[in-house]
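Taking it in order: structure first as structure tokens, then the write-up.
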Amino acid sequence: MDWTDDAIVLSLRRHGESAAIAELLTREHGRHMGLVRGSSRRHGATLQPGSTVRATWRARLEDHLGTWTIEPAKSRAGILLGEAAALAGLTSACAVTSLSLPERENHRPLYDALEVLADAFEAVEVWPALYVRWELGLLAELGFGLELEACAVTGVSQDLTHVSPRTGRAVCQAEAAPYKGRLLALPGFLRGQAARGPTDERAGDMNPHDVLDGLVLTGHFLETRVWRPHGKVEPEARQRLARRLEKLAQTGRIIE
């Protein structure tokens with residue numbers, strides 16, 4: 001059996017002396033593995049995390065590993081070589097996708113959202129906020145969307161400042177005041193918004209600490225609702241992104 005699909009490269013690892021296993025997020029067939037024959041070094045330029053490719057998967061039986069035939073479509077990692085934070089963001093998005101999605105389960109909205117996010121890393125004034133929104137969209141697509149449009153206690157849509165770590169619902173400033181130490185901060189650029197994937201909107205009033213608060217917010221729910229129940233932990237690539245953004249935020253910037 002075989003099929004051909006658009007795909008985004010998530011990872012590539014060496015397999016033996018003359019092959020590699022490529023993990024792709026395909027548009028119609030979900031997260032999928034396959035063997036790429038030939039030197040992994042030879043395929044390295046095409047199969048960088050975040051690159052878009054045209055991939056054909058072939059196998060004798062559906063449950064086999066199968067093999068890939070890859071045609072390059074759009075490379076991104078090379079474009080971002082001089083942008084360390086953006087490259088860390090792209091790598092983190094691929095690692096989070098790999099860790100979070102079941103294999104071979106179609107999630108077309110997540111493919112489309114990752115494509116938008118991957119293109120946005122060239123826009124330094126936009127991508128940090130879009131990355132957080134993308135993780136919100138990932139949570140929503142997996143059935144764990146947060147409710148950020150109105151206060152869980154009063155129902156008001158103004159002055160939303162925190163989120164319950166238990167329910168994932170927003171809380172207004174007045175109700176949050178006595179419990180701030182137990183609540184998660186709600187970044188300004190997410191207040192009153194539904195949980196969506198990335199859009200082409202600009203970051204607005206985003207500031208460095210808002211982005212870090214956003215990473216803590218989405219990270220909490222990814223860990224407690226997606227990763228921990230399956231014995232998984234936060235990928236190192238996401239931890240590196242957080243450390244890099246925190247270091248930049250100390251200088252009052254979120255981009256280099």
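Readers should treat all values here as calculations from the given coordinates under stated rules, not as data from a laboratory. Fair warning: this is a prediction, and the values are worked out from it, not measured in the lab. As a convention, Cβ positions derive from the backbone with ideal geometry for all residues, glycine included, and neighbour counts pool all protein chains shown.
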Using the charge dipole of the chain (Lys, Arg: +1 at Cβ; Asp, Glu: -1 at Cβ; taken about the Cα centre), state which of Leu81, Ala7, Ser164 has its Cα farthest towards the positive end.
Leu81
Where does helix 108-120 land angle-wise versus the long Cα axis of the chain, in degrees 0 to 90, nearest 10?
80
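Based only on other Cβ atoms within 10 Å, what is the fewest-to-most ordering of Asp63, Asp210, Asp6?
Working: Asp63 7, Asp210 24, Asp6 16.
The most exposed by this proxy come first: Asp63, Asp6, Asp210.
Quick one: of the DSSP bridges fully inside segment 1-76, what percent are antiparallel, nearest 5?
About 95 percent, rounded to the nearest 5.
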Exposure proxy order (Cβ contacts within 10 Å, fewest to most) of Ile79, Ile8, Ile70:
Ile79, Ile70, Ile8
Per-residue [θ]222 nm for the chain (sum of -39500 (n - 2.57) over DSSP H runs n ≥ 4, rounded to 500)
-9500 deg cm²/dmol
Everything considered on the Cα gyration tensor (a ≥ b ≥ c; rounded for a/c under 1.5, else prolate if a/b is larger than b/c, else oblate), segment 15-139 must be described as oblate
Dividing the mean separation of Cα pairs under 8 Å (6+ apart) by the residue count of the chain yields a relative contact order in percent of 16
Would you order Leu136, Leu99 from fewest to most other beta-carbon atoms within 10 Å of each residue's own beta-carbon?
Leu99, Leu136
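Need one word for segment 2-74: rounded, prolate or oblate. Basis is the Cα gyration tensor (sqrt eigenvalues a ≥ b ≥ c); a/c below 1.5 gives rounded, then a/b vs b/c decides.
Oblate, since a/c reaches 1.5 and b/c is not below a/b.
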Roughly how tilted is helix 208-221, in degrees to the nearest 10 and between 0 and 90, from the longest Cα axis of the chain?
70
With both partners inside the chain, how many of the DSSP beta bridges are antiparallel, as a percent to the nearest 5?
90
Determine the gain in length on full extension of the stretch His15-Glu246; use 0.36 nm per residue of separation and subtract their C-alpha separation, reporting nm with one decimal.
79.6 nm
When the chain is treated as a Gaussian network with springs between alpha carbons less than 10 Å apart, the largest mean-square fluctuation among Leu65, Leu130, Leu190 is found at Leu65
Taking Cα atoms only, helix 236-249 is inclined relative to the longest principal axis of the chain by an angle, in degrees rounded to 10, of 50
Taking loop as defined by DSSP and a crowding limit of 11 other beta carbons within 10 Å, which GluC sites (Glu not before Pro) in segment 1-76 fit?
Glu17, Glu62
Relative contact order (%) - segment 2-74, alpha-carbon pairs under 8 angstrom, separation at least six:
34
For the chain, what is the charge dipole size about the Cα centre, in debye to the nearest 20, if Lys and Arg each add +1 at the Cβ and Asp and Glu each add -1 at the Cβ?
760
